[in-house]
Amino acid sequence: MKYQLAAVSTPASDTQQSLCLFFPNARYLFGIPEATTRMCIQRKQTLKKLRGAFLSQATDGGLAGLTMSFADSSGSGTLNVAGPEGTLHRVAGMRYYNKRDQLKVNVLESLIGDRCEDALYSDEFVNVYGVTTHPIKSNESYSSSSPSPSRSQSPSHSKRNNMSYEESVEYKRKIVDEIFPGLLPSNGLDGSSEISTPKNGGDAVEDIPSRNDAKLSRRLARLPAPRHPRSDAAASYIVMGKPMRGKFNNEVAVQLQVPGPLRSKLTRKETVTFQLSDGSERTVTPEQVVAPDTPPTVFFIVNIPNKKHITTLVQSSAWERHRQTDKPHILVHNVGWGVLDSEEYVQWIKSWGPDTHHLVSSPEYTANNVSLPSSFLSLKRANVLSDAFKAPLYSLDAPRSLPETLTSQVKIEVLDKHHKAELNPPEAPSVQPTLMSGLPPGFDIRRETTEDELLKQGLSEKSWDNYSKACEAVKEEVCKLTPPERQAGDDVVVTTLGTGSALPSKYRNVSATLLQTPHGNILLDAGEGTWGQLARMFGERSRNTPPRDGDGDDREDAWDVLKNTKAIYLSHVHADHHIGLAKLLQLRSKAVGQENPVTIICNHLIRTYLLEQNELEYLGIGRKVKFVDVEALLYNQDVAVEKAGYRKLQADEAALNLAALRQSLNLKDVKTALVKHRCKCHAGIIESNEGWKVVYSGDTMPCENLVESGKDATLLIHEATMEDGLEETAEAKGHSTIGQAIQIGKEMNAKKVLLTHFSQRYSKLAQSSESQNGTMVIAHAFDLLSLRVGDLWKMSHYNSPLSFLLAQEVAGEETEDVIEEEPVEKQEKRSKKSRKAQNKEKRKPNSLFDTVHESNASDQQQSKKAKV
Ligand SMILES: [Zn+2]
């Protein structure tokens, strides 16, 4: 049986390393960074056959999104989630927002101090061993029997739940089983027809638990602390394919006259003796009739986030079994800054001898090339129309090249996102075309690619001509118009970082909108991958990707924008709105001092999620992160439900932190309004002392409360999940149609409405019967759209060329299967059988994701799929 290892993503501003091990009937992912789901969509990789997700660290940012996509792809099934110590804590931490009744999740933890003798995961195809490393300072000694992560457990943690370590493990396992119970579909026949609606997040948990409701109190209470809080543990993996049995040679067996019943003994490697017809005896050994077994192919995936992990890695006894036999064919090094400068590590690499192929992934040695070309090309073309559309920034030059001391002595190269390696029989890894959804296989942006080639990629000459002519006409038209009179708030820059709902797609990431005011930035929601979108928008100097146009060193890159973000508003605890927050805070806490805190305005569930995540990695909570509870800011205070003790405490804290925030952002006030969604969701109303007022709806159906609280808004940012005509579906899911969103804007007397949070079923521009009428400005959001509020009026003029462009792009995708079936991978000498299997796979539509995006899935099913 053939199987191969292939790259899914390499380190870049918006993602990190992920690899996939492919068997005809099973897939295993190693490394689940943010944007893993999006990368899989772009690369046409189905998640249906996924058996294992192996985390580099417990905090890998793509895990929640991956489990949701996996659950939605297969309806039922089991996913094994393996990772270092802390992984169980992480998965249990998903209980507010990631409940999937038909999914079963097995958490496999590789503990600090484990001797790694037993396989962490094993099935009929592979054995995977985990090697957990953790940082130690140079003067600490490492002993595999006595775990000694640098931080000790804080006493308050053990007091909190009064549980022993073993009890806390059992408790968290119970929670994981409650989130992912693996229930069978209730009719037991057809998995697709009876997908239970996930009762996510905040629905039930707002109630005070009764004393006997153990489940509910488990959901509400904070998790017991991990055994080694913030251990920064990482897991490396030793992966061994199962040895393949040699073939039985029937012809030889017949020649030797082996009687039928004895043949199975030979296949079991037993020697047999039998009588021939002439009465003589014959002995046949297995070697005579059975070909030798193929030894297992072994590869290592080594995850070393920083230099402090090196000692525990090289001193692990797990490697010793692979020194003489079962040597690694491939060794992938997923390493942080400076790791390859360590002499200790370089010696370890060299110790594997000349036959092992080494592949290196690192922000230091990997160029920050475009990860998601479909969205890149779309934005690049939109940019011809207006510079409000920003193509993601990238670089073809890595900060450094691999050191010669290594390249001259071992087979080593930088992992390319198109790297693949056949493992049975093992072949050297090579760069081969990868299937790309909507693009030619193997498409990549290379030095020789011209601007013109990029713009026309996947479009016909005629479509491009028509589009560019339309752009010229519109630009001229806009130029002639007199801009409206200046108003307060015109200079606030609004950047829509993610404009899709539920699951990300090739073109739209999940929710996040940035407001840049003269006094600092405010972020509205932060779905998975928000940091990546920021970094592609503003650049990262450390990755050789400086800020876009303009001049001088004072241009802000993504790190400056993040440091200058003073408030983050979270509307509700749904994954597409909040799970990118931890990554942002983790990065920000490294970049700022405590004199520059960020204020998180959120409900108590999101706060609990952050506090629990803060026990795995430092997010800055305490000095660098302040909280304001959304319920303390309700515009109609008297409606608030009083919760004894809790309210008073939150109100005092909110008053204190809000006062500081108002001062630093020059705000008059921040208020919230309860809106109508499937869980508690709060709209945010931000008013400046300079006379502007921005209202952010969060997820909601048309809501009177929002109209009232947002009266006379300068800008209403409103969700518009569904097209007009789907009011019923919108209501069933707790969302609005485009027309409803516009209507709310009118009732509110808003000056401008920015529509966002479009269902991913609309690859094209979503349609609405509402047109521009009256004086209210209406604009559709796109990912990485960025412009001054004062310029939003221009957007309506762009609709016609954009609609044309997006329709062409989508049409290009519809024919993509034809392109794929051409023999593009001639160089792969596959057996007829495996090619057949592969083609079968290719012909399937875009697998799980199509069921989510494409409009032909029935609305009812849609409503059952993703809770958004
Ligand atoms: Zn929602």
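Name the one entry in S277, S264 that is more than 28 Å from K2 (Cα to Cα), surrounded by fewer than 14 Cβ atoms within 10 Å (Cβ to Cβ) and not assigned by TED's automatic domain parsing to the domain that holds S122. Of S277, S264, the one residue that is more than 28 Å from K2 (Cα to Cα), surrounded by fewer than 14 Cβ atoms within 10 Å (Cβ to Cβ) and not assigned by TED's automatic domain parsing to the domain that holds S122 is S277. Residues in region 286-308 that are over 30 Å from V272 (Cβ atoms) and part of a helix (DSSP H, G or I): K307, K308. Is one or more of the residues making up region 702-710 in contact with a helix residue (DSSP H, G or I) (Cβ under 6 Å, 6 or more places away or on another chain) and within 16 Å of the ligand (Cβ to nearest atom)? Looking through region 702-710, at least one residue is in contact with a helix residue (DSSP H, G or I) (Cβ under 6 Å, 6 or more places away or on another chain) and within 16 Å of the ligand (Cβ to nearest atom). Being closer than 25 Å to D14 by Cβ, part of a loop (DSSP other than H, G, I, E, B), open to solvent by 20 Å² or more (accessible area, probe 1.4 Å) and of a type outside the set (D, E) is a condition met by at least one residue of region 33-45. In region 783-791, is there at least one residue being touching a strand residue (DSSP E or B) at 6+ places or on another chain (Cβ under 8 Å), under 25 Å from N705 (Cβ atoms), at pLDDT 60 or above and in a helix (DSSP H, G or I)? The answer is yes, given that some residue of region 783-791 is touching a strand residue (DSSP E or B) at 6+ places or on another chain (Cβ under 8 Å), under 25 Å from N705 (Cβ atoms), at pLDDT 60 or above and in a helix (DSSP H, G or I). In region 711-754, of all residues being more than 18 Å from M776 (Cβ to Cβ) and more than 15 Å from the ligand (Cβ to nearest atom), the one that is most open to solvent (accessible area, probe 1.4 Å) corresponds to E728.
Is it the case that V675 is of a type in the set (A, V, I, L, M) and more than 16 Å from the ligand (Cβ to nearest atom)?
The answer is no for V675.
With respect to the stated conditions, P24 fails to be at pLDDT 95 or above and within 30 Å of P296 (Cα to Cα). Looking across region 548-587, the residues that are within 15 Å of G520 (Cα to Cα) and either polar (S, T, N, Q) or within 16 Å of the ligand (Cβ to nearest atom) (or both) come down to N564, T565, Y569.
Among the residues making up region 482-496, a single one is open to solvent by 10 Å² or more (accessible area, probe 1.4 Å) and under 19 Å from A558 (Cβ atoms): V493. The number of residues in region 512-530 being open to solvent by less than 10 Å² (accessible area, probe 1.4 Å) and either in contact with a Leu (Cβ under 8 Å, 6 or more places away or on another chain) or in the same structural domain as G65 (by TED's automatic domain parsing) (or both) comes to 12. Within region 309-322, does at least one residue satisfy the condition of being within 23 Å of G113 (Cα to Cα) and assigned to a strand (DSSP E or B)? For region 309-322, residues within 23 Å of G113 (Cα to Cα) and assigned to a strand (DSSP E or B): absent.
Can we say A214 is touching a residue at least 24 places away in the same chain (Cβ under 8 Å) and either out of contact with any Leu (no Cβ under 8 Å at 6 or more places or on another chain) or at negative phi (or both)?
So A214 does not fit the description; no.
The numbered conditions (1) open to solvent by 20 Å² or more (accessible area, probe 1.4 Å); (2) at pLDDT 95 or above; (3) not in a loop (DSSP other than H, G, I, E, B) are all true for C479 except (2).
Tally up the residues in region 318-346 that are of a type in the set (D, E) and out of contact with any helix residue (DSSP H, G or I) (no Cβ under 9 Å at 6 or more places or on another chain), please. Give the derivation first.
Within region 318-346, the first condition is being of a type in the set (D, E), and the residues that meet it are 320, 326, 341, 343-344.
Of the ones still in play, those that are also out of contact with any helix residue (DSSP H, G or I) (no Cβ under 9 Å at 6 or more places or on another chain) are 320, 326, 343.
Count: 3.
The values are calculated or read from the model by the stated rules, or taken from the named source; none is laboratory data. If you're wondering where the values come from, they're calculated on a predicted model, not measured in any experiment. Reconstructed Cβ throughout: ideal geometry from the backbone, glycine too, with neighbour counts over all protein chains shown. What goes into the accessible areas is simple: the full protein's heavy atoms, side chains included, and nothing from ligands, DNA or RNA. Shrake-Rupley method; radii C 1.70, N 1.55, O 1.52, S 1.80 Å.
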